[in-house]
Amino acid sequence: MKFDWKKVLYSVKRTGEGVFSRMKHWFTRKLARSKYRRRRGGRQRTGVFAQPTARVTPEVVAKSATPTPRKKWSPTLWQAGIGIAAVVCCAATTILLLAPHGEEAGEPQDPTYRAVVSSIATLRDQVTLPFDPEETSGIVASDELVPGVTSPKVAELQGRLMDLEYMEEDETTEYYGPMTKQAVRVFQRKHGLQADGIAGPQTIAMLNSADAKVYSAALGDSGTDIEELQSRLKELGYMELVTGNFGELTQAAVKDFQEKNGLTADGAVNSQTREKLYSEDVKANALSIGTEGETVERIQKRLVQLGYLTQADGKYGRDTVAAVKKFQQNSGLIADGYVGPETRSAIFASDAQPNALILGSTGSDVQKAQERLKSLGYMKKVTGYYGSDTEAAVKSFQSRNGLTADGKIGAKTSSVLYGKNAKKAGSSGGGTSFPSNKSGVEKLIAVAESKLGCRYVWGAKGSNKFDCSGFAYYCLNQAGVRQGYMTSITWRSCKKYKKITKMSDIRRGDIIIYTGRTSAHGHVGIAVSNSTMIDASSSKGKVVKRSFKTSYWKNHFYCAFRVF
C-alpha cells in the first residue's frame, strides 16, 4: 500500500502548531501575572496572610515614580525541553497511527514495533486527527484482526481455528476476545510466526494454506492444558512432577505412553493421544493386572475393608481390576482399573467411598436391588440404572426401616433390604414418603448457575475455570453423581445413562452431547430447560447460559443423557 508522506507531515505540522499555541498562551499568562505582581509590589494576599500597608513617605513616592525597566522574557532550559519533547511525541504517535505495518510496508516484522502498534491500535477510534483516516487510501491497515474488534471475519477466523483444534468446538462469535487471541498465539508459535495474537495477513494466509498444522502439545509449550496433561500422565505412572511446562521429561513420558498404547511415538500430544489418555482401555505404567507383591496385597486388604473385595491374595487379577474400577467410579475418578497416585491416595483416605450402589450406578446389582424394592412396593419398574427414582425409593425404604436415609445401598441397607424383616411400603410403622423428586436435577442446575462467568481454560475441571467436559464432570460430582471424567468424544459411547436421541425430548438436567466439524471434535452442555443450556464456551471464553435451538446446535446435535 502506498504511504502518503504529505498527509503525515501535514498532521505533524497541525499537531505541532496546536502544542506551541497552548504553550504560548500559558507563557503569556505567566508573564502578564509576573509583571502585574512587580507593579503591585509582590503577590497580593488577604485574610490572615495579608501584608501590612506600607507607610507613605517622600522616598516611597519618588521610588514609585521611577519607571521599572522591562526584562525581555526568555524560556528556561526545562521549559524549552518540555516543548521539544511534546512535539517529538506527537509526531511519533501520529506516524505510528498512520504508517503501514510490517508486511504492508515491505519491512521485516520487528517485535517492539508490532507491540507498540497493537497497543495504539485499540486507542485509534478515540484519537481526533486533523483529517479523516477513512478517506485516506493506504494509511490504516484494514486486513488484520486485533483483540477487541468485532467483525464477521472473526467468526471465520474462529471456525478455522476450531477446524485445526486450536479452539474447542463451539458456536462461533464475531468478537475477538482473549480465547481467540490465545488460540492465534499458539497457532503462530506452532508455525514459527511472531506470537503477538494479532491475525495479520501472514497469519491469515498460513491459516488458510494447506500447510497449516493441526494443534498438538509439544516440547516448549506451557499452560493449563500442559498441566492437565502432566497430571494424567502422573496418575498413569509415566511421570512424577506437574510443572505446566512441556520439557524433555514430559516429552519422554509422552513417548513412553504412546509406545505402550500403540500410538505413533513422536512425543507430541494430538487429539488421538489425548483421547487415549482418558479412555477406559488405556494402558498405564502403574499397578495393573498381573502385578504381584506386598503393595498389591496392602491395597487389596483396604478394598476388602471398603467392601469391594472379599479376600486379599497379593495378586492383581481380574477381580482386583473390577474392584478398583468400581471404587474409581464411586469416587469420581477415571475408571481405568489402574492404581496410580491419585487412586492410591483416595483408597487410603479417611473418607474413602465404601462400596455402595449410588446415583449413577448400573449393572446386575442395581437390577437386583430394584427388583427387591419393587416386590416391597417402593418401585414400579426395573431399569438397571440407579437414577433419581431409585434413589427416592431407597430413601423411603431406609426411613421406614429405621436406617439413615442417604439414598445409598451400602452393606447395612443391603442386609435389611434382603432380610426377612424388611418392611413393605404402606405397612404399619409410618415413615417418610420420598416422591420421585427432582432434587438431583435442581442441585445440578444450581451448581452450574453458580459458575456462570467463570473463565474457560482448555483441560480445566474446576473450581473456577473449566473446559466443556470438565464443567459437566465438576457439576455432576458436586450434585452427588460420582461420575468419572470423560471427554466430549468419550461421552458419545457412554452406556451408563438413558440415551435421548431427539433434541425435542431434552429436558432440564440432561447432559447434551454435540459433534464438531469432524468426528475428532465435540462439545458438552447441561440443559437448563428444553431450549437453553449452560456450558463452558471457548469462543466466549467463559461459562455462559444460551439457547441450543440455533441452527448451529441443531446441526451438531448428537444425543443427550438423562442422569436423573
**OP:** Name, by its number, the condition in (1) modelled with pLDDT under 85; (2) under 23 Å from residue 470 (Cα atoms) that does not hold for residue 346.
**Re:** (1)
Original post:
Among the residues of region 163-182 satisfying the criterion of being modelled with pLDDT under 90 and assigned to a helix (DSSP H, G or I), which is nearest to residue 466 (Cα to Cα)?
Top reply: 179
Original post:
Hey, does region 247-270 have a residue that's open to solvent by less than 40 Å² (accessible area, probe 1.4 Å), in contact with a strand residue (DSSP E or B) (Cβ under 7 Å, 6 or more places away or on another chain), assigned to a helix (DSSP H, G or I) and under 24 Å from residue 192 (Cβ atoms)?
Top reply: yes
**OP:** Pairs only if they're at least six apart or on different chains, beta carbon under 8 angstrom, first in region 438-450 and open to solvent by 70 Å² or more (accessible area, probe 1.4 Å), second assigned to a helix (DSSP H, G or I) and among the small types (Gly, Ala, Ser); list them, first residue then second.
**Re:** 438/388
Subject >> Criterion violated by residue 215 - all others in (1) closer than 25 Å to residue 541 by Cβ; (2) at pLDDT below 90; (3) open to solvent by less than 10 Å² (accessible area, probe 1.4 Å) satisfied >> reply: (3)
Subject >> Per-region count, region 547-564, residues open to solvent by 10 Å² or more (accessible area, probe 1.4 Å), touching a residue at least 60 places away in the same chain (Cβ under 8 Å), assigned to a strand (DSSP E or B) and of a type outside the set (Ser, Thr, Tyr) >> reply: 1
Subject >> Members of region 501-513 that are open to solvent by less than 10 Å² (accessible area, probe 1.4 Å) and more than 17 Å from residue 448 (Cβ to Cβ) >> reply: none
**OP:** Specify the residue that is least open to solvent (accessible area, probe 1.4 Å); the eligible residues are those in region 472-500 that are touching a Cys at 6+ places or on another chain (Cβ under 8 Å) and either of a type in the set (D, E, K, R) or not in a loop (DSSP other than H, G, I, E, B) (or both).
**Re:** 500
**OP:** Could you tell me which residue of region 330-370 is nearest to residue 509 (Cα to Cα), considering only residues that are in a loop (DSSP other than H, G, I, E, B) and charged (D, E, K, R)?
**Re:** 336
Original post:
Going through region 219-246 one residue at a time, which ones are more than 21 Å from residue 182 (Cβ to Cβ), surrounded by 17 or more Cβ atoms within 10 Å (Cβ to Cβ) and of a type in the set (Asp, Glu)?
Top reply: 235
Subject >> Pairs, first farther than 21 Å from residue 343 by Cα and without any contact (Cβ under 8 Å) to a residue 60 or more places away in the chain in region 231-257, second of a type in the set (D, E, K, R) and open to solvent by less than 30 Å² (accessible area, probe 1.4 Å), C-beta under 7 Å, six or more apart >> reply: 246/221
Original post:
Out of (1) touching a Leu at 6+ places or on another chain (Cβ under 9 Å); (2) at pLDDT 85 or above, what's the single condition that is false for residue 235?
Top reply: (2)
Original post:
How many residues does region 189-239 hold that are among the polar types (S, T, N, Q) and part of a loop (DSSP other than H, G, I, E, B)?
Top reply: 4
**OP:** Kindly establish whether residue 146 is within 24 Å of residue 523 (Cα to Cα), hydrophobic (A, V, I, L, M, F, W, C), more than 20 Å from the chain's Cα centre (by Cα) and open to solvent by 10 Å² or more (accessible area, probe 1.4 Å).
**Re:** no
Original post:
Name the residues in region 514-545 that are free of Cβ contacts under 8 Å to residues at least 40 places away in the same chain and either open to solvent by 30 Å² or more (accessible area, probe 1.4 Å) or basic (Lys, Arg) (or both), would you?
Top reply: 519, 529, 530, 531, 532
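The values are calculated or read from the model by the stated rules, or taken from the named source; none is laboratory data. The structure displayed is predicted, hence computed values, not measured ones. Note that we place each Cβ from the backbone using ideal geometry, even for glycine, and neighbour counts take in every protein chain shown. Note: accessible area is taken over every heavy atom of the protein model, side chains too, but ligands, DNA and RNA are not part of it. Shrake-Rupley method; radii C 1.70, N 1.55, O 1.52, S 1.80 Å.
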